[in-house]
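Below is one structure, written out as structure tokens, with a few remarks after it.
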Amino acid sequence: MANQVGLEKDLPMVRSASIRRSPRSGGISKYMAYLFLIVICLIWAVPILFGITTSFRSQTEVVSAGFRLFPESWNFENYTAILDNTSTAPILQWLWNSVFIATLHTLLVVVVISITGYGYSRMNFKGRDALFFTLLGISFFPGVVNLIPSYKIIDALGWVNTSWAMIIPGLAGMGNIFLVRQFMNGIPKDLDESARVDGASDFRIYFSIILPLVKPVLIVCALFSFTGSWNDFLWPVIVYTDVEKMPVTAGLLLLQDIYGNYRMIGQLMGSAILAIIPTLLLFLFAQKYFVQSINLNSGIKG
């Protein structure tokens with residue numbers, strides 16, 4: 001009994017000591033996490049900052065100064081030369097081509113994957129799951145396997161050197177369809193049955209009930225589709241030969257021949273900086289929606 005009483009007396013002291021130690025251990029973990037994130041941020045940000053500052057350097061400083069994070073004098077002549085060159089390197093036309101292609105591609109992707117996801121999730125037909133998982137397995141093949149057949153199809157349709165060569169392929173990406181289907185599977189099917197009792201058709205159910213609920217995952221797919229279309233490099237290099245019709249990624253490859261070989265590095269870097277501005281603005285304006293859309297069940301409210 002005496003030992004039990006002694007333990008009961010010591011127990012509050014042990015608890016208070018653990019309570020005093022826990023904030024310190026939690027604080028150390030928090031500081032270590034902050035330090036790790038700062039290091040990762042520097043690893044990512046320093047090359048970007050160096051690229052931006054390089055676009056404001058003169059060619060003499062680029063060649064002779066070595067590594068210096070900030071230029072000795074800020075020079076805007078690189079951007080002036082880039083914007084004035086409308087014959088061999090029309091950067092503004094390339095940016096407009098990329099904006100048009102990526103925007104239209106993204107809008108069509110949202111329409112296609114939402115309808116397809118509805119079919120695979122809410123409609124019952126023979127071989128539905130077998131067809132879905134077969135296409136999902138085929139999608140794991142490397143994309144380069146389809147380059148030659150895809151080019152043959154585009155050439156047969158007469159879409160070489162046109163925006164359709166970039167807009168149409170990839171509309172029914174199985175990765176996006178998989179996300180939409182999984183999201184729709186989490187929506188109670190009682191909603192469909194109640195709507196059918198009221199005489200609603202499949203299109204009415206899709207448009208009025210399901211589509212508003214899948215808005216979060218559609219936002220995620222739209223952001224991924226836009227950035228993927230904007231950053232696509234290999235395919236536009238293959239299907240475009242007309243300088244005026246190129247998107248900006250294919251144009252940047254052409255700029256390596258025009259501005260490369262240490263002759264106009266500042267202009268080449270300035271062109272690359274201009275190419276990332278639209279996606280950077282998209283991230284700044286859409287990051288709130290993207291973070292909200294990470295939870296794929298956020299559209300379902302009980």
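Read-outs throughout are calculated quantities, based only on the coordinates presented, and are distinct from any laboratory measurement. Please read these numbers as outputs of a predicted model, since none were measured by experiment. Cβ: placed from backbone, ideal geometry, glycine included. Neighbour counts: every protein chain shown.
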What's the FRET efficiency of Asn231 with Phe207 using the Cβ-Cβ distance as r and R₀ = 25 Å, to the nearest 0.05? 0.20
Rounded if a/c is under 1.5, else prolate if a/b beats b/c, else oblate: with a ≥ b ≥ c from the C-alpha gyration tensor eigenvalues square-rooted, which is the stretch 97-154? oblate
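Looking at the stretch 81-293 from every direction and averaging, what is the projected area of its Cα convex hull in nm²?
One quarter of the hull surface, i.e. the mean projection, equals 14.4 nm².
Can you tell me how much longer the chain between Ile277 and Leu253 gets when fully stretched, taken as 0.36 nm per residue apart minus their C-alpha distance, in nm with one decimal?
Difference between extended and current length: 6.9 nm.
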Can you tell me the length gained on complete extension of the stretch Tyr151 to Val46, counting 0.36 nm per residue apart and subtracting the Cα distance? 33.9 nm
Between Ala81 and Ser29, what length in nm is gained on full extension when 0.36 nm per residue of separation is reduced by their alpha carbon distance? 13.7 nm
Hey, rough spin-label estimate for Arg196 and Leu284, points 7 angstrom out along Cα→Cβ, what's it come to in nanometres? 4.9
Round to the nearest 0.05 the FRET efficiency obtained for Glu72 and Asp129 when R0 = 41 Å and r is the Cβ-Cβ distance. 0.05
Just to be sure I understand the model, the point goes 7 Å from the Cα along the line to the Cβ. What's the resulting Val99 to Thr60 distance in nm? 3.7
